[in-house]
Amino acid sequence: PSVSSSESATGFPTGFLWGAATASYQVEGAATEHGRTPSIWDTFSHTPGKVRNGDTGDIAADHYHRYREDVALMKELGLGAYRFSVSWSRVQPTGRGPAVERGLDFYRRLVDSLLEAGITPVATLYHWDLPQELEDAGGWPLRDTAERFADYAALVAGALGDRVPMWTTLNEPWCSAFLGYGSGVHAPGRTDAAATLRAAHHLNLAHGKGVQVLRGLLPADAQTSITLNLHQVRPLTTSAGDADAARRIDEVGNRVFTGPLLDGGYPEDLVRRTTPLVDWEELVRPGDLETIATPFDVLGVNYYTPTIVSASDGAGDSRDDGHGASDHSPWTGSEDVAFHLAPGERTAMNWAVDASGLHTLLTELHAAHPELPLMVTENGAAFDDYVSPEGRVEDPERIAYLHSHLEAVRQAVADGADVRGYFLWSLLDNFEWSYGYAKRFGAVYVDYASQRRIPKASAHWYAEVIRRGGLPG
Ligand code: PNW
């Protein structure tokens, strides 16, 4: 059968965005420059014992000073789009009041360089770096933080709205709420189940208010989105208990966001199960669900590996759910579920390589929400890369990972999913949160001593994919 008219011969839709992604705290450095003040990640990384090797984002990949070189690199690779995030405390140090123009200037220059290079800028407003002052006032468990986010969104949209065509409110609110306030492996490192659910609701609210603010300020053809890390949950066996475990993890991992965003409300069983912890009647005020359900244009999905679960048998339960070790479970209300690593190949994160999860994710989302365009906003893998004596970085495992996952995207498109783009995580090696610089996700190697950039073999491979507009062969 011939490909449909909206697809090119490569199996990827015409106009498909081929990109790469980063996030402010992971790459920028310049932590105290031009008025920037600490975010929760500055505080967290400077707290002994929180990040491997005591690494911080103080310098990171020094993208703040080297963005011109980095944009030139992107152009060389032929990237069609660059997904970056804005550091809230660089733009609005206390999280309140007027913007610091010098902070905004960095993003104006970055965006102008991208546009000049023919690369579409895709801006994320919040990739986890909450101004510390807002955390001190209560952080995401406090309702006011959602209002502060809406004000901040207006400042950034006012400055960049004329030149950024695609906007994302939040990156992976699940991580912000459940790893930041539940298991505590992410900033601000709190371990409080009630605070976790309150944070989740206020992040949803911040998104809804953010979309409304963006819609009011952006040109009509600008697009709004949110990026979720939807867990591809699978039961270990066909037992009823494992099926129930999978349903519960789906609720607390996915539907706590997709429910109010797309399906009219929070999952009933999650609410019932967590009612002893949280007064949902008080938390979810009249009008909140309408605000959260404000329509947006594109759903961003990040995918790395599937999540395999079983009912707890009381013995041999794995705490290693791939989200970092903690005595506190992030799975609020379903702490008894056991997690399992998939068999087969693993990345340096110990995450199983399984591209079928990406295909399932995209096709199931499309089936549930046929009108909602999708975009893969992150996909990639960490491996133990090193520079050879000849100065090259050979990373065949990463090429294989990217190849199989792009093939999964192509197959999802063939099966009817409306996928508008793919962003490799990450453009550069960077600060991998609680793992610091020990994990390298970049298509481009960063020598942190010299800040020299070396495109890995995978970067050259990806450049070829982009040039062809699809996979080889
Ligand atoms: C995402 N987990 O983080 C983030 O958006 C990136 O900033 C990050 O560098 C990348 O994926 C690789 O980790 C995640 O524990 C962090 O499931 C943790 C998890 C998922 C995504």
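The values are calculated or read from the model by the stated rules, or taken from the named source; none is laboratory data. Keep in mind that what you see is a predicted model, and the values were worked out from it rather than measured. We place every Cβ from the backbone using ideal geometry, glycine too, and count neighbours over all the protein chains shown. The accessibility values were calculated without ligands, DNA or RNA, using every heavy atom of the protein model including side chains. Shrake-Rupley method; radii C 1.70, N 1.55, O 1.52, S 1.80 Å.
Below is a table of values for the structure above.
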{"read-out": "Where a residue in region 327-346 is in a loop (DSSP other than H, G, I, E, B) and its partner, wherever it lies, is basic (Lys, Arg), with Cβ under 6 Å and at least six apart", "value": "Gly333/Arg273; Ser334/Arg248"}
{"read-out": "Any hit, region 408-426, residues being within 16 Å of the ligand (Cβ to nearest atom), part of a loop (DSSP other than H, G, I, E, B) and in contact (Cβ under 8 Å) with a residue 60 or more places away in the chain", "value": "yes"}
{"read-out": "Residues being within 12 Å of the ligand (Cβ to nearest atom) and open to solvent by less than 40 Å² (accessible area, probe 1.4 Å) - total across region 430-456", "value": "10"}
{"read-out": "Count - residues of region 427-438 that are assigned to a loop (DSSP other than H, G, I, E, B) and either under 14 Å from Asn302 (Cα atoms) or of a type in the set (Phe, Trp, Tyr) (or both)", "value": "1"}
{"read-out": "Given (1) over 23 Å from Val419 (Cα atoms); (2) open to solvent by 20 Å² or more (accessible area, probe 1.4 Å); (3) part of a helix (DSSP H, G or I), number of the condition Asp250 does not satisfy", "value": "(1)"}
{"read-out": "Pair list, Cβ < 6 Å and 6+ apart or interchain, from region 258-274 residues that are closer than 20 Å to Gln232 by Cβ to residues that are open to solvent by 10 Å² or more (accessible area, probe 1.4 Å) and among the aromatic types (Phe, Trp, Tyr)", "value": "Gly259/Tyr266"}
{"read-out": "Condition broken by Gly259, with the remaining ones in (1) over 19 Å from Thr168 (Cα atoms); (2) away from the ligand (no atom under 16 Å from the Cβ); (3) open to solvent by less than 10 Å² (accessible area, probe 1.4 Å); (4) in contact with a helix residue (DSSP H, G or I) (Cβ under 9 Å, 6 or more places away or on another chain) satisfied", "value": "(1)"}
{"read-out": "Only listed residue being within 19 Å of Pro235 (Cβ to Cβ) and open to solvent by less than 60 Å² (accessible area, probe 1.4 Å), chosen from Thr291, Thr377, Thr305", "value": "Thr305"}
{"read-out": "Complete set of residues in region 420-429 that are open to solvent by less than 40 Å² (accessible area, probe 1.4 Å) and not acidic (Asp, Glu)", "value": "Gly421, Tyr422, Phe423, Leu424, Trp425, Ser426, Leu427, Leu428"}
{"read-out": "Unique match (being over 12 Å from Thr305 (Cα atoms), open to solvent by 30 Å² or more (accessible area, probe 1.4 Å) and charged (D, E, K, R)) among Glu335, Glu345", "value": "Glu335"}
{"read-out": "Cβ-Cβ under 8 Å pairs, at least 6 apart or on other chains, region 276-304 side in a helix (DSSP H, G or I) and of a type outside the set (Gly, Ala, Ser), far side within 16 Å of the ligand (Cβ to nearest atom) and open to solvent by less than 10 Å² (accessible area, probe 1.4 Å)", "value": "Ile292/His207"}
{"read-out": "Thr274 vs. criteria modelled with pLDDT of 95 or more, within 16 Å of the ligand (Cβ to nearest atom) and crowded, with 19+ Cβ neighbours inside 10 Å", "value": "no"}
{"read-out": "Matching residues in region 154-198 - criterion: being assigned to a helix (DSSP H, G or I), within 16 Å of the ligand (Cβ to nearest atom) and not β-branched (Val, Ile, Thr)", "value": "Pro173, Trp174, Cys175, Ser176, Ala177, Phe178, Leu179, Gly180, Tyr181, Gly182, Ser183"}
{"read-out": "Test result for Phe296, open to solvent by 10 Å² or more (accessible area, probe 1.4 Å), touching a helix residue (DSSP H, G or I) at 6+ places or on another chain (Cβ under 7 Å) and within 16 Å of the ligand (Cβ to nearest atom)", "value": "no"}
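For (1) within 16 Å of the ligand (Cβ to nearest atom); (2) more than 25 Å from Thr363 (Cα to Cα); (3) open to solvent by 20 Å² or more (accessible area, probe 1.4 Å), each residue gets a yes or a no:
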residue	(1), (2), (3)
Ala206	no, yes, no
Lys209	no, yes, yes
Gln212	no, yes, yes
Pro219	no, yes, yes
Gln223	no, no, yes
Leu228	yes, no, no
